[in-house]
1. Kirkwood Rh over Cα pairs of region 18-67 into Stokes-Einstein at 20 °C, 1.002 mPa s: D in µm²/s?
2. Which of the peptides 205-218, 41-54 is most tightly packed, and how do the rest follow, judged by the mean count of other Cβ atoms within 10 Å per residue?
3. Calculate for the chain the 222 nm mean residue ellipticity that helices alone would give, adding -39,500 (n - 2.57) per DSSP H run of length 4 or more and normalising by residue count, nearest 500 deg cm²/dmol.
4. Determine, for each peptide in 118-125, 269-276, the mean count of other beta carbons within 10 angstrom over its residues, then list the peptides with the highest first.
5. Could you check the spin-label model distance between residue 273 and residue 74? Points 7 Å from the Cα along Cα→Cβ, value in nm.
6. Could you do me a favour and compute the accessible area per residue for region 1-59, 1.4 Å probe, result in Å²?
7. Please sort through the DSSP H helices of the chain and keep those with an alpha-carbon extent of at least 15 Å along the long axis and a Kyte-Doolittle average not below 0.0.
8. Largest first, please: the extent of the C-alpha atoms of the chain along each principal axis, to the nearest Å.
Amino acid sequence: MNVRLFNKERVMPRSGAIQELQNKKVLLVGCGSVGSQIANQLASTGIGHITLSDPETFSLDNLYRHTLAAHYISWPKTWGLQTELSNKYPWLEVQVMFSELLSLRYENILNTFDLIIIAIGSPTQERIFHDYCIKNSVETAVINTWVEGYGIGGHAVLDIPDSKGCLRCAYVDPIDFSRGLGSNLNFLKPNQNLTKNLAGCGNAFLPYSNLSALQTALITSNLAIKFLMGQLHSSSKVSWKGSDFDVIQAGFQVTDRYTQFSKSLEILPLLNSGCDLCND
Ligand SMILES: [Zn+2]
């Protein structure tokens with residue numbers, strides 16, 4: 001009979017997890033294509049407490065861009081992920097909520113986390129949430145992440161309260177310094193209808209592959225771990241740049257940032273000199 005030692009002091013470092021992350025608490029809002037990958041990646045690093053929040057159920061439309069298997073169809077996405085992650089990681093605690101981002105505006109709850117990650121791909125809601133955090137002096141750092149369509153790239157923005165740089169820095173228009181609707185990190189020009197409609201389907205969607213979601217989750221998880229390990233002290237941003245092949249095929253235009261960008265995966269300062277919040 002073979003006897004193996006089974007305790008976290010041995011198993012975690014031996015299989016590549018970081019034990020110092022066991023006491024960290026992360027709130028992940030959005031468990032879709034990017035969020036489900038982030039949940040898996042965070043769990044694999046050794047983070048001890050993950051709270052998932054998403055009101056949606058897993059459907060056939062999600063199948064190829066999600067970590068969940070087909071037998072979870074019609075389950076709440078959070079329950080599916082909780083089941084999978086709890087089965088795999090013996091020292092992980094997963095809690096679930098079914099709230100949208102804007103229903104989570106309770107500073108007492110938000111302040112109990114070490115980090116909040118928002119992967120809902122809705123700039124308007126994200127900025128309303130950011131306004132709430134500023135007004136109520138929420139002390140928890142927030143990462144906003146989003147993927148762009150047609151394989152062009154993805155982005156993550158880390159906003160650390162009381163450090164230089166904030167989410168609004170990512171929305172200063174590079175030409176006239178107004179606060180734009182689209183992020184200045186984006187690689188696709190604003191005001192293009194990027195969604196696609198399948199014949200007879202009726203609901204428009206943004207085309208991107210699971211690989212784009214996975215790559216976007218990776219830059220986000222890396223940023224999260226560096227922050228939680230105390231290696232980042234000021235607000236930061238990171239992007240990955242993909243090929244423009246599908247964008248050109250579809251007849252869309254890229255931004256100047258895309259053309260000039262050569263710092264994929266590099267963590268850069270978020271501060272924008274035109275941000276009215278950071279430069280009062
Ligand atoms: Zn700012």
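1. Taking Rh from Cα pairs, D becomes 185 µm²/s.
2. Ranking, from highest mean packing down: 41-54, 205-218.
3. -8000 deg cm²/dmol
4. Packing proxy ranking, top to bottom: 118-125, 269-276.
5. Each label point lies 7 Å from its Cα, and together they span 5.9 nm.
6. Each residue of region 1-59 exposes 48 Å² on average to a 1.4 Å probe.
7. 33-45, 210-228
8. 69, 51, 36
The values are calculated or read from the model by the stated rules, or taken from the named source; none is laboratory data. None of these values were measured; they are calculated from a predicted model. Every residue, glycine as well, gets a Cβ built from its backbone with ideal geometry; the counts of neighbours run over all protein chains shown. SASA here: full protein model, heavy atoms, side chains in, ligands and nucleic acids out. Shrake-Rupley method; radii C 1.70, N 1.55, O 1.52, S 1.80 Å.
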